[in-house]
Amino acid sequence: MSVRRNTALPLEEAVSDPLGVLAAFSRDLAVSLDLEGPLSSLLAGILRAVDAEAAGLFLTADDGALFCRGSMGAIGGLVPQGDPLFARCLEHGTVECDYQDPLRCGDSAWHSLLCAPLTLNGNRLGVLAVANKRNGAFTPDESGLLAAAAGAAALAISNDRLTYALDCQKGVGRDLELAAEIQRNLLPHADPAGFPVVGLNRPARLVSGDFFDFFPLDERRIPFALADVSGKGMNAALLMAKAAGLFRCLAKTYDDPADLLAAINRETCETASRGMFVTMVAGIYDHETGALWFANAGHEPPLLRAPDRSYRSFPAEAPPLGILPDLTFETHGIELAGGEFYIFTDGLTEYRYGEQEALGVEGLIQLVESHADLPLAERLNALLAELDHEGWEARDDLTVLAIDDAWVSRHD
């Protein structure tokens, strides 16, 4: 908890009417965006109303000590944790003490002290105190005024903290929105009507730990990748951005998907932390011949859909990236022959309808087949539209990439 600068008004500006003290405080709070001015007015008004030499508002720090949030006169400083008078005030309510020998706290010397706790909904926020009554002892009316002022101050302090917390959340929200926009810009934006590769990404939160990418390497070959970073939130999003950058850079250098994954793995192992890892399928597709080569690092098995609507899956044979630096991977070569190749994250297959079982691979196949007459991009959008119906619930980021080898024959 940060300690803010003390501010105070001259004593001659203090409010003399006890009820006016609280009225002025409430009025100042209503028109001020800052607590400093109203708090100084409150302390000055109380000081004049009870005819004392000093007034201060102390807040409880994280370590239990009390620090001075605002003061007038010689009452500032830090009150140690467990101070008997202030602890008794927080525990039992308003406390008054007279000292034959002045009590010293820092640079302050107190011969009399009246304290009222700042409490709200059972939370002990601090203490409002006045010191050194000029004439006689503090009266019951003055004790009641201090208690009422402490209640008003507690509410104001609580609202101030809530406003600060909301401002911080808004700042974090703006940062997350910017991060989400950057992530969206990392994804390819090829026209599905003019390209045989299509991808979709839907984050479960504002930022995603999934990514996909593809780009034309030359007139024939298209490198592609889809990955899922372990965990959620900003840490996963940052590792996702790194993995996406590594793929985009290294895929222009490595022709063999196994070598590409090995290179990305080495780089990931150098900086991955807190047990995070990346599952990834990366490959290259030749749209002139229909040949496709890929390697799988611990990811969900891709699906090959043949023209006769039969399916074949390809389980991973190597662990994810970022765990062991010297992993080797295996490249698989297949002929699409007019078929389709699907890669997806478990956020798709783990979609649930209420308390029923997850969608699973079989459910995914059924959804693909139910929209099989649509072009590939429209088919994926229709699939997601099915999952948007009431009752379906996402458990994770959802990402899918599909390659349509029949696109070539339709566009010859």
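The values are calculated or read from the model by the stated rules, or taken from the named source; none is laboratory data. In this text, all values refer to a predicted model and were calculated from it rather than measured experimentally. For neighbour counting, all protein chains shown are included, and Cβ atoms are generated from backbone atoms with ideal geometry for every residue, glycine included.
Confirm whether LEU367 is more than 20 Å from PHE224 (Cβ to Cβ), assigned to a helix (DSSP H, G or I) and in the same structural domain as THR268 (by TED's automatic domain parsing).
Values: more than 20 Å from PHE224 (Cβ to Cβ): yes; assigned to a helix (DSSP H, G or I): yes; in the same structural domain as THR268 (by TED's automatic domain parsing): yes.
Judged against the criteria, LEU367 is a match.
If you go through the range 140-149, how many residues are in contact (Cβ under 8 Å) with a residue 40 or more places away in the chain and out of contact with any Ser or Thr (no Cβ under 6 Å at 6 or more places or on another chain)?
At the first step, the residues of the range 140-149 found to be in contact (Cβ under 8 Å) with a residue 40 or more places away in the chain are 141-143, 145-149.
With out of contact with any Ser or Thr (no Cβ under 6 Å at 6 or more places or on another chain) added as a condition, the list becomes 141-142, 145-146, 148-149.
So the count comes out to 6.
Criterion first (at pLDDT below 90, of a type in the set (Val, Ile, Thr) and not in a helix (DSSP H, G or I)) does ILE334 satisfy it? Working first, answer last.
Values: at pLDDT below 90: no; of a type in the set (Val, Ile, Thr): yes; not in a helix (DSSP H, G or I): yes.
No: the conditions fail for ILE334.
As an exercise: evaluate THR279 against (1) within 29 Å of ALA237 (Cβ to Cβ); (2) free of Cβ contacts under 8 Å to residues at least 40 places away in the same chain and give the number of the one condition it does not meet.
(2)
What are the residues in the range 309-325 that are free of Cβ contacts under 8 Å to residues at least 40 places away in the same chain and either among the acidic types (Asp, Glu) or touching a Pro at 6+ places or on another chain (Cβ under 8 Å) (or both), if any?
PHE314, PRO315, ALA316, GLU317
Among the residues of the range 294-315, are any small (Gly, Ala, Ser), over 35 Å from the mean Cα position of the chain (by Cα) and part of a loop (DSSP other than H, G, I, E, B)?
Taking the range 294-315 as the starting set, the residues that turn out to be small (Gly, Ala, Ser) are 295, 297-298, 306, 310, 313.
Remaining after also requiring over 35 Å from the mean Cα position of the chain (by Cα): 306, 310, 313.
After this cut, where a residue has to be part of a loop (DSSP other than H, G, I, E, B) as well, the list is 306, 310.
Scanning the range 294-315, I find at least one residue that is small (Gly, Ala, Ser), over 35 Å from the mean Cα position of the chain (by Cα) and part of a loop (DSSP other than H, G, I, E, B), so the answer is yes.
Name the residue that is farthest from the chain's Cα centre (by Cα), counting only residues in the range 47-62 that are closer than 13 Å to ALA154 by Cα and modelled with pLDDT of 80 or more.
Residues of the range 47-62 closer than 13 Å to ALA154 by Cα: 57-60.
Now restrict to residues that are modelled with pLDDT of 80 or more: 57-59.
Values: LEU57: 34, PHE58: 32, LEU59: 28 Å.
Among residues in the range 47-62 that are closer than 13 Å to ALA154 by Cα and modelled with pLDDT of 80 or more, the one farthest from the chain's Cα centre (by Cα) is LEU57.
Could you please tell me which pairs satisfy a Cβ distance under 9 Å, a separation of 6+ or placement on different chains, a first residue in the range 293-306 that is at positive phi, and a second residue that is buried (at least 20 other Cβ atoms within 10 Å of the Cβ) and in a loop (DSSP other than H, G, I, E, B)?
GLY298/PHE277; GLY298/PRO320
So if I check each of ARG352, ARG395, which one is surrounded by fewer than 19 Cβ atoms within 10 Å (Cβ to Cβ) and in contact with a Gly (Cβ under 8 Å, 6 or more places away or on another chain)? Break it down into steps so the answer makes sense when it comes.
Details: ARG352 fails: in contact with a Gly (Cβ under 8 Å, 6 or more places away or on another chain).
Among ARG352, ARG395, only ARG395 is surrounded by fewer than 19 Cβ atoms within 10 Å (Cβ to Cβ) and in contact with a Gly (Cβ under 8 Å, 6 or more places away or on another chain).
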